[in-house]
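Novice: Dropping a structure here in structure tokens format, bear with me for questions.
Taken together, the values in this text are just the output of simple stated rules run on the coordinates, not laboratory data. All figures in this text were calculated on a predicted structure; none of them were measured in a lab. Here the Cβ positions follow ideal geometry from the backbone for every residue, glycine too, while neighbour counts run over all protein chains shown.
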Amino acid sequence: MPERSEHTGRCLCGAVELRLSGSPISITYCHCESCRRATGSPVTVVVGYELAQVSFPREEPRHFASSPGIDRPFCPHCGSRIGYTDARLAGRIYFHVGVLDEPERFAPTCHALAAERLPWLQIDDALPRFAGFSIPRD
């Protein structure tokens, strides 16, 4: 987990900035189809925080309900995907590691939804792999 207690990030154009305080809840590879479609990538890394740890000092992102209970914030100017919230994980937000200013500081600790992993994608690590979610939903 990152050592510093404050981190920053932004969308591609910089209109949506984020400030994160404290340690993240989780840092996870996500192999689900929904994240693949939202990011255009074969896998994503998401960094979870409590909403109270997050601020948007410039402009708030817009939101897109991608499926029941799943909301995906994005920049209204450049369209950059910021992350997602899940109504079953109330009070939390998950950011795509690529929007953070120092993504190298956020090494994943596990693989979620590994059952949806693309068969040609091999990540050679010894991290725990969960066929479903890595964090139980309500």
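Novice: For the chain, what is the mean residue ellipticity at 222 nm derived from helices alone (per DSSP H run of n ≥ 4: -39500 (n - 2.57); sum divided by total residues; nearest 500 deg cm²/dmol)?
Specialist: Estimated from H runs of four or more residues: -1500 deg cm²/dmol.
Novice: Once you put a point 7 Å from the Cα of LEU127 and another 7 Å from the Cα of GLU59, both along the Cβ direction, what distance in nm separates them?
Specialist: Going by the 7 Å Cα→Cβ label model, 3.1 nm.
Novice: Most fluctuating residue of ARG92, ARG37, ARG19 in a GNM of the chain with Cα springs under 10 Å: which is it?
Specialist: ARG37
Novice: Still on this structure: Please report SER134, SER67 as a ranked list, fewest other C-beta atoms within 10 angstrom at the top and most at the bottom.
Specialist: The order, fewest Cβ neighbours first, is SER67, SER134.
Novice: Report the Stokes-Einstein translational diffusion coefficient (µm² s⁻¹, integer) for the chain, Rh taken as the Kirkwood radius over Cα pairs, at 37 °C with viscosity 0.692 mPa s.
Specialist: Roughly 216 µm²/s, to the nearest whole number.
Novice: Counting only DSSP beta bridges with both residues in the chain, tell me the antiparallel percent, nearest 5.
Specialist: 90
Novice: Taking Cα centroids, how far is segment 85-101 from segment 1-53 in Å?
Specialist: 6
Novice: For segment 6-116, calculate the relative contact order in percent as a whole number, restricting contacts to Cα pairs under 8 Å that are 6 or more residues apart.
Specialist: 33
Novice: Say each of SER41 and ASP101 gets a label point 7 Å from the Cα, pointing the same way as Cα to Cβ; how far apart are those two points in nm?
Specialist: Simple spin-label model gives 2.0 nm for this pair.
Novice: Once you've got the GNM for the chain with C-alpha springs shorter than 10 Å, pick whichever of CYS35, CYS13, CYS110 has the biggest mean-square fluctuation.
Specialist: Per the Cα network of the chain with a 10 Å cutoff, CYS13 tops the list.
Novice: Fewest to most neighbouring Cβ within 10 Å: what's the order for ARG81, ARG58, ARG105? Present the calculation step by step, with values, prior to reporting the outcome.
Specialist: Details: ARG81 23, ARG58 12, ARG105 15.
Ranked by crowding around the Cβ, least crowded first: ARG58, ARG105, ARG81.
Novice: Let me ask you something else. Mind checking which of THR28, THR85, THR39 has the largest fluctuation in a GNM of the chain, springs on alpha carbons under 10 Å?
Specialist: THR39
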